[in-house]
Amino acid sequence: MADPLLLDLVKTAKSYGINVGFLTSPHERDIWLEGFRTTLTLVATMIPVSLAAGMALAAALTARQRWLALPARVFVELTRNTPTLVQLSCAFLGLNMLISQSLGGAGQNPFGAFFWVVLVVGLHGAAYHAEALRAGIEAVPDTTLEAARALGFNRLEILRWVELPLALRIALPTIVNNLVTLVKLTTVGSAVAVGEITYASIMIWTQRDNVVELMVVILVFFSAINLVVSQIGLWLERRLAVPGLGVRS
Amino acid sequence: MTTPVPPDSRPPLVRLRDVHLSFGATEVLKGVDLDVRSGEALSIIGPSGSGKSTILRCINGLIAPQRGEIHVAGTALHQLTREADRLALRKRIGFVFQQFNLFPHLSVLENIAIAPVRILGHPRDEVERHARDLLDRVRLSGKERAYPGELSGGQQQRVAIARALAMRPELVLFDEVTSALDPETVGEVLAVIRDLIRDGLTSVLVTHEMRFAEEISDVVVFTEGGRIVAQGPPDAIFHTNDNPRVTAFITGLGNREPANTGTEGRAR
């Protein structure tokens, strides 16, 4: 049933003392491959969620209205100052359960573990993005803002066309840093049985004695994702670089 | 130079009456009256801290005075309570700053086009055509793709003038627009403003360029200590005025030989 080529590979690896025998089990192999896919899906959804929420939070933090700035500040402090794992447990085991109950059973609840991981970890990243962007927004000189107001820009138009574009350039290195951390934080999904790569690996290595082999794969996998993330960040920095603005000119 | 219109032939475009303004305990304007008519160039001169720039910011609603009336282009600015109404008025008034204040992340063309496109919602191709015409007018054709950081101060200021004109304003306010420039580039900026005024642009200029103010203005206003001390046609202010303070200020700037024996001139 198994591919002869695969059997060969497993045998050769074994002769070098590397145990990848689980690859011959279609069930375990599927769990493992699904783990890669799930991690990549988590990364691909979490990054845009964190960026969008981060911009909204930064806008709220720098708003002149207290009813916007204060809740945003409270949210940022709560999110930054408490363990993500505990937040996730509270959201999934607490909030999600309450939603299930009020909707009349878990079967009616549209939200699953995957949703809660994206939401909690995504907003965690957003809190960090928001602080980085706030620093950028506050670095925009008052004279530049006055010029925009004199041209008839309203508060939101100033944010969209002047403050955010300038803040993004200032905050980009920090934001990329945050994204690298965010990629690694997808592994907390294993705590609520989201089948990402660490969860899948744990499932496999508890049945077989191949912890080291799978660990190495996990490390290489995350290194590769983050290499791509940081390279995209550097490319964006160069793309957005403007003569006479910032360090690079 | 435009011929001054006879007084009261039409309502002024800008009308300030008894405008009082304080920043905290500091009284900046202590009852300012001012009229600017359509097609007229009015210069405000006077010592630093006399409220010149504050008057400009009251005219476009960037600062709201505590007391007094401000009418601009048929709008009673002092009665506006909503920021949206003040914004609507600001779109019709150009403002050119001492420090240029261009958007550093936008190219020259984008700096000029962004407000008409994003704020007025005008079609981009039409706005860009207008922007290129304006660049030609401020003698900066070919600089469309440059960024502010790549331009000299004089070039940046001319872009800032084009940016203000792109909104097709009914009035342009110039706030000491050559004060941050080196002497060599002052001339190129003044030449552009001179052309615009000759073409009939209504403008209020705060300036320390006495010769220039004398040459291009229909009306010159002298402010000191938050009040308008003297006003009239340039000739009356610069040559035949009998106010010793005004004479001292003008001669102190080294503009010309003292008309009378003013010895207490301010050195700058």
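Only the coordinates and a few stated rules stand behind these numbers; no lab work does. Computed from a prediction, not measured in an experiment: that's the story for all the values here. Every residue, glycine among them, receives a Cβ derived from its backbone with ideal geometry; neighbour counts consider all protein chains shown.
Report for the protein assembly as shown the percent antiparallel among DSSP-assigned beta bridges with both residues inside it, nearest 5.
55 percent
For the range B:197-221 and the range B:66-121, compute the distance between their C-alpha centroids and round to whole Å.
21 Å
Note the per residue figure in Å³ for the convex hull of the C-alpha positions in the range A:3-103.
Convex hull volume per residue, Cα atoms: 186 Å³.
Report, to the nearest 10°, how far helix A:164-185 tilts away from the longest principal axis of the Cα atoms in chain A, using its own Cα long axis and a range of 0 to 90°.
Between the helix axis and the principal axis of chain A, the angle is about 20 degrees.
Based on the Cβ-Cβ distance of A:SER230 and B:THR26, what FRET efficiency does E = 1/(1 + (r/R0)^6) give at R0 = 45 Å, to the nearest 0.05?
The pair A:SER230/B:THR26 has a calculated efficiency of 0.30.
Placing unit charges on C-beta atoms (Lys and Arg positive, Asp and Glu negative, everything else neutral), compute the dipole magnitude of the range A:118-187 about its Cα centre in debye, rounded to 20.
Using Cβ point charges on Lys, Arg, Asp and Glu, the range A:118-187 gives about 220 debye.
Work out, step by step, the length gained on full extension between A:THR41 and A:ILE18: first 0.36 nm times the residue separation, then minus their alpha carbon distance; give nm to one decimal.
Full-extension gain reported as 5.4 nm.
Per residue of B:37-48, how many C-beta atoms from partner chains lie within 10 Å of its own C-beta, taken as a mean?
Going residue by residue through B:37-48 and averaging, the value is 0.
Only counting other Cβ atoms within 10 Å, I'd like A:ILE170, A:ILE137, A:ILE18, B:ILE44 sorted with the fewest neighbours first.
A:ILE18, A:ILE170, A:ILE137, B:ILE44
Find how much the distance from B:ASP235 to B:ARG92 grows on full extension, using 0.36 nm per residue of separation minus their present alpha carbon separation; answer in nm with one decimal.
48.4 nm
Considering the alpha-carbon set of the protein assembly as shown alone, what are its Rg and its Dmax in angstrom?
Answer for the protein assembly as shown, Rg first and Dmax second: 32.5, 113 Å.
For every other residue with a beta carbon closer than 10 angstrom to the beta carbon of B:GLY68, add +1 if it is Lys or Arg and -1 if Asp or Glu, then tell me the sum.
Neighbour charge sum, excluding B:GLY68 itself: -1.
Is there a simple number for the mean count of other chain Cβ atoms within 10 Å of the Cβ of residues in B:97-106, and what is it?
That average works out to 6.
Less than 12 Å Cβ to Cβ from A:ILE204, Lys/Arg counted +1 and Asp/Glu -1: what total charge do the surrounding residues give?
With Lys, Arg at +1 and Asp, Glu at -1, the net is -3.
What shape does the range B:177-222 have by the C-alpha gyration tensor, where a ≥ b ≥ c are the square roots of the eigenvalues, rounded means a/c under 1.5, and otherwise prolate means a/b greater than b/c and oblate the rest?
oblate
Where does helix A:26-61 land angle-wise versus the long Cα axis of chain A, in degrees 0 to 90, nearest 10?
10 degrees
How large is the helix-only mean residue ellipticity at 222 nm for chain A, computed as the sum of -39500 (n - 2.57) over DSSP H runs with n ≥ 4, divided by its residue count, in deg cm²/dmol to the nearest 500?
So the calculated ellipticity at 222 nm is -24000 deg cm²/dmol.
Take the Cα coordinates of chain B, assign each an equal point scatterer, and use the Debye formula without solvent to give log10 I(q)/I(0) at q = 0.09, 0.16 Å⁻¹.
Debye intensities relative to I(0), on a log10 scale: -0.42, -1.29.
Could you give the nm distance between label points at B:ALA64 and A:VAL211, where each point is 7 Å from its Cα heading toward the beta carbon?
6.8 nm
Evaluate the distance, in nm, between pseudo-label points positioned 7 Å from the Cα of B:ASP125 and of A:ASP142 along their respective Cα→Cβ axes.
4.4 nm
With a/c under 1.5 counting as rounded, go ahead and sort the range A:30-240 into rounded, prolate or oblate using the C-alpha gyration tensor (a ≥ b ≥ c being the square roots of the eigenvalues; past the cut-off, prolate if a/b is larger than b/c, else oblate).
Oblate.
Given the options A:VAL49, A:VAL176, A:VAL220, state which has the largest fluctuation in a GNM of chain A using a 10 Å cut-off (strictly under) for Cα springs.
Greatest mean-square fluctuation among the candidates belongs to A:VAL220.
Counting other C-beta atoms within 10 Å, which of A:LYS11, B:LYS30 has the fewest, and how do the rest follow?
Ascending Cβ contact count within 10 Å gives the list A:LYS11, B:LYS30.
Report, as an integer, the average count of C-beta atoms from other chains found within 10 Å of each Cβ along A:235-245.
Mean partner shielding for this stretch: 3.
For each of A:SER50, A:SER25, count neighbouring Cβ atoms within 10 Å of the residue's Cβ, then give the residues from fewest to most.
Starting with the residue having the fewest Cβ neighbours, the order is A:SER25, A:SER50.
Tell me which DSSP H helices of chain B clear both cut-offs, 15 Å or more of axial length from alpha-carbon atoms and a mean Kyte-Doolittle hydropathy of at least 1.0.
Sorted by number, there is nothing, because no helix extends far enough and scores high enough.
Modelling each spin label as a point 7 Å along the Cα-to-Cβ direction, I'd like the A:LEU240/B:ALA191 distance in nm, to one decimal.
With each label point 7 Å from Cα toward Cβ, the separation is 3.9 nm.
For the range B:151-260, just list the percent of Cα-Cα distances falling in each 5 Å bin from zero outward, please.
2, 11, 21, 22, 18, 14, 9, 3, 1, 0
If the only charges are +1 at each Lys and Arg Cβ and -1 at each Asp and Glu Cβ, what is the size of the charge dipole of the range B:15-144 around the Cα centre, to the nearest 20 debye?
80 debye
Which whole-angstrom value gives the distance between the alpha carbon centres of the range A:186-237 and the range A:1-52?
About 11 Å separates the Cα centre of the range A:186-237 from the one of the range A:1-52.
Nearest 10 degrees, 0 to 90: what angle lies between the long axis of helix A:4-15 and the longest principal axis of chain A (Cα atoms)?
90 degrees
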